[in-house]
Amino acid sequence: MKGTEMKRFQYIIILIIFLASISKAQSIESGIGVSLNTPAGNFSNVVGTGYGGAFMAKLGLPLIDVTGSVEYINFSEKDVANLKYSSYMWSINAGARISVFPFISAGAEIGNYWITVTADNGTVKGDNTENKVAFTPLIAAQIGMFEASLRYSLISDASFISIRAGIYF
C-alpha cells in the first residue's frame with residue numbers, strides 16, 4: 001500500500017511541476033514602436049519614404065509567439081508628371097513567430113490595411129481610399145525589452161519594406 005501511495009504522490013508532484021512550467025512559459029507583452037518604410041514596386045513611383053508608429057502585442061507560448069499590431073504609416077509626397085502624390089495607411093495585423101536563435105525569430109503576419117492616396121495638381125486635390133489585405137514576412141531580434149524587425153509587406157499595389165524599432169513594457 002505504501003508503494004502505491006508513494007507512486008501517486010510522485011505523479012502528483014510531477015504533474016504540479018509540469019503545470020507550473022507551462023503557466024510560466026506563457027507571457028503577454030505590449031509595447032510601442034516606430035518604423036522607417038521604403039515603398040517597393042510601382043508604389044515607389046508615386047510616394048516617397050514613409051514614417052510610422054505602432055502599438056504591438058505579443059503572446060509568448062512555448063514554441064511560438066503570437067503577435068499583433070495596430071500601425072499608422074505616412075508616406076511623403078512625390079512629384080509625378082505635375083501631380084504631387086502622398087499616402088497614409090493604418091492597419092491591424094496578426095501573425096506568429098518562431099525562434100531561430102536565442103534572440104532572433106522569423107515569422108509572418110497577415111494584415112488589413114486602409115490605404116489613402118492623395119493626388120494634388122495645384123488646383124484640385126483628390127483622395128482615394130482602399131482596403132487591402134497584406135502578407136508580411138519578417139525577421140526580428142529582441143534583446144531584453146527592445147526589439148528591431150525587418151519586414152516586407154506584400155500588398156497588391158502598395159508594397160513596402162519596413163524597419164521597425166520598438167520597446168515592450
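Please determine, by comparing only the residues of region 104-134 that are part of a strand (DSSP E or B) and β-branched (V, I, T), which one is farthest from D65 (Cα to Cα). The extreme case among them is T118. For region 44-76, residues that are surrounded by 15 or more Cβ atoms within 10 Å (Cβ to Cβ) and over 29 Å from Y168 (Cβ atoms) total 4.
Answer yes if at least one residue in region 122-133 is within 17 Å of the chain's Cα centre (by Cα) and free of Cβ contacts under 8 Å to residues at least 60 places away in the same chain, and no otherwise. Checked region 122-133: at least one residue is within 17 Å of the chain's Cα centre (by Cα) and free of Cβ contacts under 8 Å to residues at least 60 places away in the same chain. Quick one: which of P62, P102 is in contact with a helix residue (DSSP H, G or I) (Cβ under 6 Å, 6 or more places away or on another chain) and modelled with pLDDT under 95? Step by step, each of P62, P102 is checked, and only P62 is in contact with a helix residue (DSSP H, G or I) (Cβ under 6 Å, 6 or more places away or on another chain) and modelled with pLDDT under 95. Of all the numbered requirements in (1) surrounded by fewer than 17 Cβ atoms within 10 Å (Cβ to Cβ); (2) without any contact (Cβ under 8 Å) to a residue 60 or more places away in the chain; (3) within 26 Å of F169 (Cα to Cα), M145 misses one, and that requirement is (2). Screening the candidates Y113, Y85 for the property of being in contact with a Ser or Thr (Cβ under 8 Å, 6 or more places away or on another chain), free of Cβ contacts under 8 Å to residues at least 40 places away in the same chain and not β-branched (V, I, T) yields one hit, Y85. V117 meets each of the listed conditions (1) closer than 25 Å to E29 by Cβ; (2) among the hydrophobic types (A, V, I, L, M, F, W, C); (3) surrounded by 14 or more Cβ atoms within 10 Å (Cβ to Cβ) apart from (1). The set of residues in region 135-169 being under 18 Å from G52 (Cα atoms), touching a helix residue (DSSP H, G or I) at 6+ places or on another chain (Cβ under 7 Å) and part of a loop (DSSP other than H, G, I, E, B) consists of A158, S159. Pairs meeting the criteria (first residue in region 51-75 and closer than 30 Å to V117 by Cβ and in contact (Cβ under 8 Å) with a residue 24 or more places away in the chain, second residue assigned to a strand (DSSP E or B) and among the basic types (K, R), beta carbons under 8 Å, at least 6 apart or on different chains) are A54/R164; T67/K58; T67/R97; G68/K58.
The values are calculated or read from the model by the stated rules, or taken from the named source; none is laboratory data. None of the values given here were measured: they were computed from a predicted structure. When we count neighbours, we look across all protein chains shown, and the Cβ atoms used for this are built from the backbone with ideal geometry, even at glycine.
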